[in-house]
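The values are calculated or read from the model by the stated rules, or taken from the named source; none is laboratory data. This is a predicted model, so every value here is computed, not measured. A quick note on method: Cβ atoms are made from the backbone with ideal geometry, for glycine too, and the neighbour counts reach across all protein chains shown.
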Amino acid sequence: MSSKLERDIDEVLAQIDRFPPKRSRWSRIRRRVANAVGGVGEAISSIPWPRIGIGQVLLIAIAVIVIAYYGFRNSNIGGIVIFGGILVFIAAFIFSLRRQSASRVPEKRWRGQPMDLDEPGGSWWKRWRSRR
């Protein structure tokens, strides 16, 4: 049993020379900085940001246009900000139209069966009036 233990020790000692060489200081620092930056990025991405609707974007764009018009009327920055506000407003308007057309009215159901609201007998008001 002792010979087996001695062989294991000899194998471990022989493998010590094959361990990977110690990394340079520069590569260790670079790896630590990369891990730190990745951790900060992960922390920022995990923050629950508020959801902004299309209507709010439209209002913000209008506010930016008005503020830039009255605040920076005679400067080049004002023109650029106004142009950017107009572009954001147009983009938000187009997205709002696209979103409305994509959503369709869900099918009305009663006890798992689809309801046919366009019955040949007409509306309930007409049926009620015809009883009198």
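Matching residues to (1) at positive phi; (2) at pLDDT below 85; (3) surrounded by 10 or more Cβ atoms within 10 Å (Cβ to Cβ):
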site	(1), (2), (3)
20	no, yes, no
37	no, yes, yes
49	no, yes, no
64	no, no, yes
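Sort out for me the helices (runs of 4 or more DSSP H) sitting completely within the range 23-102 that have 2 or more residues that are in contact (Cβ under 8 Å) with a residue 24 or more places away in the chain.
54-71, 76-102
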